[in-house]
Amino acid sequence: TALISGFSSLPWLVKPLYGFISDSFPLFGYRRRSYLVLSGLLGALSWSLMATFVDSKYGAVVCILIGSLSVAFSDVVVDSMVVERARGESQAISGSLQSLCWGSSAFGGIVSSYFSGSLVDAYGVRFVFGITALLPMITSAVAVLVKEQHVPGPTRGQNVLLANPSFLESSRENIIQLWNAVREPNVFLPTVFIFLWQATPQSDSAVFYFTTNKLGFTPEFLGRVKLVTSVASLVGVGLYNGFLKRVPLRKIFLATTIIGTAFGMTQVLLVTGLNRQLGISDEWFAIGDSLILTVLGQ
């Protein structure tokens, strides 16, 4: 499990590289559209292999790595499009745009989580992997609708670097600009905070095995938890977009951190079984805990 989760996170660690690639190497004359199409096809390939040929844990690691790369690359491209449209806008307008993105994600989570657990129980994991292989194709299909100006590329047989002699120089300037931006205290300090936050150990895998092996949570019930979590994501996005997008961010961070820390500690009750002594079943406790923390997180 550690191997799978570790390799699946690798493509997310080099996300700035994808930005340089999409900006510097237009694919078929487009910097955004073509890479979204390619990402969707790559994701479909990885899950198709999982649904058919893969029968070893190492094969699964490779396929999950490819699938993670497709999501990470498309995530960078879509983020760049969002930033371009939100640049120079107020916090309220950019907040609405982010709410649209995260709300769409939450709605997709509702649809998938409602069926995922029951489909695994009824038809097995390979059938679900096969359905999952169809979903990245939506990214490829929707990418065709992206409005983007065509960029002339090198002629057939011509080297990209020779066709654009200033490529290396512009890349060097981009790296210098990025480094100068990161060195700014208002960028550097939050970056250090996020690094320390993500570098701390997490118990996600241990909790998963505890809930399945010790508490006996079935795939269908885990799907219901995911459904509740997705609905909670939509509620959290709605609360922010409706009431909080004009509230200073510092106040939001402070309040959600304090409340989230308090509720995050409640997982100790589930692990020790104290929730049952309080008259709350493991299932209801897990659902309530996930609901509250997801609303706060969004």
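The values are calculated or read from the model by the stated rules, or taken from the named source; none is laboratory data. From a predicted model like this one, the values you see are computed outputs, not experimental measurements. Neighbour counts run over all protein chains shown; Cβ positions are idealised from the backbone, glycine included. When the accessible area is computed, the model is the full protein with side chains, heavy atoms only, and any ligands, DNA or RNA have been set aside. Shrake-Rupley method; radii C 1.70, N 1.55, O 1.52, S 1.80 Å.
Placing a label point 7 Å from the Cα of residue 254 along the Cα-to-Cβ direction, no residue of region 265-295 has its backbone N under 12 Å from that point. Multiplying the residue separation of residue 277 and residue 265 by 0.36 nm and subtracting their alpha-carbon distance yields 2.6 nm. Relative contact order for the chain: 24 percent, from Cα pairs under 8 Å spaced at least 6 residues apart, divided by residue count. Beyond 28 Å in Cα-Cα separation lie the following of the pairs 147/251; 15/214; 147/226; 15/57: 147/251; 15/214; 147/226.
Placing a label point 7 Å from the Cα of residue 210 along the Cα-to-Cβ direction, the residues of region 281-296 whose backbone N falls under 20 Å from that point are 281-294.
When the residues 265, 137, 50 are ordered by accessible surface, computed with a 1.4 Å probe over the protein chains alone, the sequence from largest down reads 265, 137, 50.
Scanning the chain for helices, which whole DSSP H stretches are 24 Å or more long along the axis (Cα) and average -1.0 or more by Kyte-Doolittle? Could the numbers behind the result be given before it?
Details: long enough: 33-52 (29 Å, 1.05); 57-86 (42 Å, 1.29); 91-123 (46 Å, 0.58); 219-239 (30 Å, 1.13).
What comes out of the filter, once short or polar helices are dropped, is 33-52, 57-86, 91-123, 219-239.
Using 0.36 nm per residue, how much length does the chain from residue 107 to residue 92 gain when fully extended, once their Cα-Cα distance is taken away? Working shown, then result.
On the way: separation 15, 0.36 × 15 = 5.40 nm, distance 2.17 nm.
Length difference between fully extended and current span is 3.2 nm.
Dipole of region 1-149 computed with +1 at Lys/Arg Cβ and -1 at Asp/Glu Cβ about the Cα centre; of 125, 14, 88, farthest Cα towards the positive end is 88.
Taking the Cα centre of region 1-149 as origin and assigning +1 to Lys and Arg Cβ atoms and -1 to Asp and Glu Cβ atoms, the resulting dipole is close to 160 debye. Summarising the label geometry, the points placed 7 Å from Cα in the beta-carbon direction at residue 82 and residue 7 lie 2.9 nm from one another.
How would region 1-75 be classified by its alpha-carbon gyration tensor: rounded, prolate or oblate, with rounded meaning a/c under 1.5 and the a/b versus b/c comparison settling the rest?
The shape class here is oblate.
On a per residue basis, the chain carries 65 Å² of accessible surface, using protein heavy atoms and a 1.4 Å probe.
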